[in-house]
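Structure first, then comments.
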Amino acid sequence: MSTAANRASARGSVPRPDDHVIVLCGATGDLARRKLLPGLFHLAVAGLLPDKYRIIGAAPPSAALTDEQFREHARQSVAEFGISKPAGEAWDAFARALSFASAEPGSTAALVTAVQRAEKDIGGSPGRLFHLAVPPVAFGSVVSMLGAAGLARGARVIIEKPFGTDLQSARALSKVVHAVFDESQIFRIDHFLGKESVDNILAFRFANGLFEPIWNREHIRYVQIDVPETLSIEGRADFYDKTGAYRDMIVTHLFQVLGFVAMEPPTSLGARQLRDEKGKVFDALKPIDVRHVVRGQYEGYRGEPGVAPDSQTETMVAVRAEIENWRWAGVPFFLRSGKSLGASRQVVTLGFHEPPLRMFRAHKKDIPTGRRNEVVIDFADPGSIAVRFLAKEPGPEMCLGAATMVFSYGDSFAAGNALEGYERLILEAMIGDQSLFTSSGGIERLWEISAPLLESPPPVERYAPGSWGPQASLDRLIAPFRWHLPEAPQDKDKKKDA
């Protein structure tokens, strides 16, 4: 049985990867600085990197560093963004494994030499993993460069999002990548799927007989997947004004979470089985109806450096999606994300059908609608799951009040066992387990259902920074339901009283 198969059969016990050479393409960029270098060091401290490994930073000659400069760059990155701080024997060992090589199409000799040297130092036949932490427009050229340099044979490659900007570009990129790498070598990363709290959705659903029997249209009225952000575009106009909230978040992140929420029970947690079931959900998604989309743009966005003065790029989007299958027919899925909104949250809310309440003549009139008969899954790390229901309040009358039971991931398990999303997915890629990575077919299907919106988007509506978007349109989109976020004033008052 392969290492990946062993991993699939017992996901609770993480095998240590075989010896590896890891190449970070774009090693001087923001992603490597904030996530990859700190994450790799945390894996090393946790004892989850291979016994023998080398990490090679790669960038064009214009951004080239010496080995010592790259080690100092990594030390500063880990000090600023890392969980484990760069000190002691652990850091010294990690720093010794770092080196740097310049590379660009037509000039790869330095990178080839660095990889060969690293493999010779390790000995045997180490694995080879490339992480493409480069702008999306460079994915194809970097992959072609690796193929032309002879570095792709037997290697694996992690490709960041977004994978294309529409169906045509996604298919074109797949053609370029598949000319160099087999599908089994390709790991299209979505760091949301590396979250412990997202993986816990599978455990919550399928490991508990209390919930799986009611996880369907007979019991669930609606589903919300809400990922607002308080941050603005943070100087990323070159990327964001060409992308927008829908391409940046809905296609690449929220639909992937929807796949976990809506999939049928897989026969196992192996990569093929999980991806097949998620693919069936995507196949059943109806094309997006532009009448059920709200696009917003925060006031002041057009004044951001690099943004066109007449930009129609959305900084917030809300979508009603529908799954046409036996389990979910008629259940609306509301997806929302955006910048400069009222809070930063990552929440899945499942609203259940309510029973008739006529027997409760004296039930409370001030219980907020939509704040009962819900399961709320907060998948922002460390994550929590809340069940909101009605209960009798103490007293002589049969008065109902809103009650909540909460499972907090951080309070229930040792935080030291947790890995950040990127850390976990890099580990999975070294092992060769594609369970939490997206397939080419799944990505292309999501672009296919998005075509009506991408081709004829409704106009953007302005909203104030710090608000929840163009409220009147959002309320019309979700009616007769309500958004779980923002909280109702009654909920805020209760928190103050507590």
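Of Thr313, Thr252, Thr349, Thr267, which residue is of a type in the set (Ser, Thr, Tyr), in a loop (DSSP other than H, G, I, E, B), on the phi < 0 side of the Ramachandran plot and touching a residue at least 24 places away in the same chain (Cβ under 8 Å)? If you could, list the steps in order and put the result at the bottom.
On the way: Thr252 fails: in a loop (DSSP other than H, G, I, E, B); Thr349 fails: in a loop (DSSP other than H, G, I, E, B); Thr267 fails: touching a residue at least 24 places away in the same chain (Cβ under 8 Å).
Sole residue among the options that is of a type in the set (Ser, Thr, Tyr), in a loop (DSSP other than H, G, I, E, B), on the phi < 0 side of the Ramachandran plot and touching a residue at least 24 places away in the same chain (Cβ under 8 Å): Thr313.
Within segment 140-157, can one find any residue that is of a type outside the set (D, E, K, R), closer than 20 Å to Arg247 by Cβ, assigned to a helix (DSSP H, G or I) and in contact (Cβ under 8 Å) with a residue 24 or more places away in the chain?
Of segment 140-157, the ones of a type outside the set (D, E, K, R) are 140-152, 154-155, 157.
If we keep only those that are closer than 20 Å to Arg247 by Cβ too, we end up with 140.
Still in the list and also assigned to a helix (DSSP H, G or I): 140.
Cutting the leftovers down to in contact (Cβ under 8 Å) with a residue 24 or more places away in the chain gives us 140.
There is at least one residue in segment 140-157 that is of a type outside the set (D, E, K, R), closer than 20 Å to Arg247 by Cβ, assigned to a helix (DSSP H, G or I) and in contact (Cβ under 8 Å) with a residue 24 or more places away in the chain.
Among the residues of segment 291-311, is any closer than 13 Å to Phe255 by Cα, in contact with a strand residue (DSSP E or B) (Cβ under 6 Å, 6 or more places away or on another chain) and modelled with pLDDT of 95 or more?
No - not one qualifying residue is present in segment 291-311.
Would you mind telling me which numbered condition in (1) more than 27 Å from Phe334 (Cα to Cα); (2) at pLDDT 90 or above; (3) of a type in the set (Gly, Ala, Ser) Ser473 fails?
With (1) more than 27 Å from Phe334 (Cα to Cα); (2) at pLDDT 90 or above; (3) of a type in the set (Gly, Ala, Ser) applied to Ser473, the lone miss is (1).
Note down all Cβ pairs under 7 Å where the first residue falls in segment 40-60 and is within 14 Å of Ala429 (Cα to Cα), the second is among the hydrophobic types (A, V, I, L, M, F, W, C) and open to solvent by 10 Å² or more (accessible area, probe 1.4 Å), and they're at least six residues apart or on different chains.
Every condition considered, the pairs that remain are Leu48/Val14.
Considering only segment 281-305, how many residues are open to solvent by 60 Å² or more (accessible area, probe 1.4 Å), farther than 23 Å from Leu258 by Cβ, part of a loop (DSSP other than H, G, I, E, B) and not charged (D, E, K, R)?
Going residue by residue through segment 281-305, those that are open to solvent by 60 Å² or more (accessible area, probe 1.4 Å) are 283, 286-287, 291, 299, 302-303, 305.
From what's left, farther than 23 Å from Leu258 by Cβ: 299, 302-303, 305.
Applying the additional criterion that residues be part of a loop (DSSP other than H, G, I, E, B) yields 299, 305.
This time we only want the ones that are not charged (D, E, K, R), so: 305.
Residues meeting the conditions: 1.
Considering only residues of segment 175-199 that are outside any helix (DSSP H, G or I), open to solvent by 10 Å² or more (accessible area, probe 1.4 Å) and charged (D, E, K, R), which is farthest from Phe255 (Cα to Cα)?
It comes out as Asp182.
So, of the residues in segment 104-138 that are within 29 Å of the chain's Cα centre (by Cα) and of a type in the set (A, V, I, L, M), which turns out to be farthest from Leu427 (Cα to Cα)?
Here the residue is Val137.
Taking the criterion of being open to solvent by less than 20 Å² (accessible area, probe 1.4 Å), modelled with pLDDT under 95 and not in a loop (DSSP other than H, G, I, E, B), would at least one residue in segment 270-278 satisfy it?
The initial filter retains those residues of segment 270-278 that are open to solvent by less than 20 Å² (accessible area, probe 1.4 Å), namely 270, 274, 278.
Now drop any that are not modelled with pLDDT under 95, which leaves 270, 274, 278.
Those left that are additionally not in a loop (DSSP other than H, G, I, E, B): 274, 278.
Within segment 270-278, one or more residues are open to solvent by less than 20 Å² (accessible area, probe 1.4 Å), modelled with pLDDT under 95 and not in a loop (DSSP other than H, G, I, E, B).
Can you tell me how many residues in segment 49-81 are surrounded by fewer than 20 Cβ atoms within 10 Å (Cβ to Cβ) and either in a loop (DSSP other than H, G, I, E, B) or hydrophobic (A, V, I, L, M, F, W, C) (or both)?
Selection size over segment 49-81: 10.
Restricting the search to segment 82-114, which residues are assigned to a helix (DSSP H, G or I), open to solvent by 40 Å² or more (accessible area, probe 1.4 Å) and touching a residue at least 24 places away in the same chain (Cβ under 8 Å)? Write out each step before concluding.
Here is the first cut: in segment 82-114, the residues assigned to a helix (DSSP H, G or I) are 88-96, 109-114.
Cutting the leftovers down to open to solvent by 40 Å² or more (accessible area, probe 1.4 Å) gives us 88-90, 92-93, 96, 109-110, 113.
Residues satisfying the conditions are Ala90, Ala93.
Please go through segment 313-329 and pick out each residue that is among the aromatic types (Phe, Trp, Tyr) and either open to solvent by 10 Å² or more (accessible area, probe 1.4 Å) or more than 24 Å from the chain's Cα centre (by Cα) (or both). Walk me through how you get there before you give the answer.
To start, the set of residues in segment 313-329 that are among the aromatic types (Phe, Trp, Tyr) comprises 326, 328.
Within segment 313-329, Trp326 is the sole residue that qualifies.
Condition check ((1) buried (at least 20 other Cβ atoms within 10 Å of the Cβ); (2) out of contact with any Pro (no Cβ under 9 Å at 6 or more places or on another chain); (3) in a helix (DSSP H, G or I)) across all residues:
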position: Ser125; (1), (2), (3): no, yes, no
position: Arg128; (1), (2), (3): yes, yes, no
position: Pro162; (1), (2), (3): yes, no, no
position: Gln168; (1), (2), (3): no, yes, yes
position: Leu173; (1), (2), (3): yes, no, yes
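The values are calculated or read from the model by the stated rules, or taken from the named source; none is laboratory data. Just so it is clear, the structure is predicted and the values come from calculations on it, not from any experiment. Neighbour counts run over all protein chains shown; Cβ positions are idealised from the backbone, glycine included. Only protein heavy atoms, including side chains, enter the accessible area calculation; ligands, DNA and RNA are left aside. Shrake-Rupley method; radii C 1.70, N 1.55, O 1.52, S 1.80 Å.
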